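Report on the following structure.
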């Protein structure tokens, strides 16, 4: 599930400040602490990665639900797409 968030810009005479706020549900799920230092990494123009440099890999994953693997499909049976014109695309799409 995603959490839509607006990017905010505050313009001042000598500078500008950009803000992206975390929804409380995300901050709680990630167990952020007040004053914690995190690092943004630019993956590409569509993706940012937030890293917690103070946590080891196993600590960073602690307490988060694991994604269940997708059910396997037999290669002999074709994948059935939903019929009708109102069917949603099966995966994320990017526009140019």
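We did not get these values from a lab; they are worked out from the coordinates using the rules stated. These figures come from a predicted structure and were not determined experimentally. All Cβ positions, even for glycine, are placed from backbone atoms using ideal geometry, and neighbour counts span all protein chains on display.
For region 8-22, enumerate the residues that are over 22 Å from residue 33 (Cα atoms) and not in a strand (DSSP E or B).
Within region 8-22, 12, 13, 14, 15 meet the criteria.
Within region 4-22, how many residues turn out to be within 13 Å of the chain's Cα centre (by Cα) and loosely packed, with under 10 Cβ neighbours inside 10 Å?
Residues that pass the stated criteria total 1.
Restricting the search to region 25-46, which residues are surrounded by 10 or more Cβ atoms within 10 Å (Cβ to Cβ) and out of contact with any strand residue (DSSP E or B) (no Cβ under 7 Å at 6 or more places or on another chain)?
25, 26, 27, 28, 29, 30, 31, 32, 36
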